[in-house]
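The values are calculated or read from the model by the stated rules, or taken from the named source; none is laboratory data. Values in this document were obtained by computation on a predicted structure and should not be read as measured data. Cβ coordinates were reconstructed from backbone atoms using ideal geometry, including for glycine residues, and neighbour counts include every protein chain displayed. Just so you know, the surface numbers come from the protein's heavy atoms only, side chains and all, with ligands and any DNA or RNA stripped out. Shrake-Rupley method; radii C 1.70, N 1.55, O 1.52, S 1.80 Å.
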Amino acid sequence: MEEKVDLRVQKTYDALFLAFQELITEKTFDKITVRELCSRARTRPATFYSHFSDKYDFFAFMIRQMKQEYLKQSEQVAMEMGPETYIPCMIRFALDFLEEYEDFICAVEADSMLVPTLDLITKELNEQVKQHLKIIEGRGNELAADPEILAELFAGAVMQVAKWWFTHRKEISKEELTEQLLEILPRMIFK
């Protein structure tokens, strides 16, 4: 069940997210202070600390929120159309996510925060995929292995390929990559 966030809290989060995305393009993560972030977001530091323990906690929360929005969209489509659409949705999710947040990811990459960021996204994607595969299995679909193992394999493979594609986009289009992944991944998941 989805938690409702108070409108004032959501406005605070939105302001902090926007301020952070601006600041990370101007300076490295380690140089950004909570006070500076709050000043840019027009939020009091006390408000920030009532929600987050430090900037690392805030950063992890922000990444989870960005990822959750994409997962919600792809999950909705997958649930409506069946298990055969789930894999393409999750592949497109990873690539769309990287494209949409390209400037942010480039700034994070330059700041050596890309690997921890993508690791966090992979961990969360893994959990989402595992839950969905259990649902698919529960509906009588035969999986190639245990949902937990398949989730690790799928999330790791998709995010690793997505990271690779992010730096090779001029060589292969998103559509070409998706097509190739769709040839491989379903065979790894379903019997």
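A run of the chain free of exposed loop cleavage sites, with GluC sites (Glu not before Pro) counted only in DSSP states other than H, G, I, E and B and at most 12 other beta carbons within 10 Å, reaches its longest extent at 4-141. From the cross-link list K31/K72; K27/K67; K11/K123; K72/K191; K55/K174, which pairs have alpha carbons spaced over 29 Å apart? Over 29 Å Cα-Cα: K31/K72; K55/K174. Working from label points 7 Å from Cα in the Cα-to-Cβ sense, the Y56 to D103 distance is 2.8 nm. Fully extending the segment from L18 to A157, taken as 0.36 nm per residue of separation minus the present Cα-Cα distance, adds 47.0 nm.
Taking L18, L95, L133 as the candidate residues, the one with maximal mean-square fluctuation in a Gaussian network model of the chain, Cα springs under 10 Å, is L18. Under a 5 Å amide H cut-off, with hydrogens placed 1.01 Å from N, F190 pairs with A144 among residues at least 5 apart or on other chains. Ligands, DNA and RNA left out, the 1.4 Å accessible surface of the chain is 51% carbon and sulfur atoms. Please determine, in degrees from 0 to 90 and to the nearest 10, the orientation of helix 174-189 with respect to the longest principal axis defined by the Cα atoms of the chain, where the helix direction is its Cα long axis. In the chain, helix 174-189 runs at an angle near 60 degrees to the longest axis. On a per residue basis, the stretch 99-185 carries 54 Å² of accessible surface, using protein heavy atoms and a 1.4 Å probe. Across the chain, C-alpha contacts under 8 Å between residues 6 or more apart give a mean separation that, scaled by the residue count, equals a relative contact order of 20 percent. What the phi angles of the stretch 128-141 give under the Karplus curve with 6.51, -1.76 and 1.60, with θ = phi - 60°, is a coupling list of 5, 5, 4, 4, 5, 5, 5, 5, 4, 5, x, 8, x, 7 Hz, glycine and proline written as x. For the chain, a Gaussian network of Cα nodes joined below 10 Å ranks I149, I24, I63 by mean-square fluctuation, and the top entry is I149. Working note: Karplus 6.51/-1.76/1.60 with θ = phi - 60° gives the stretch 168-173 the couplings 10, 4, 6, 8, 8, 6 Hz, where Gly and Pro are set to x.
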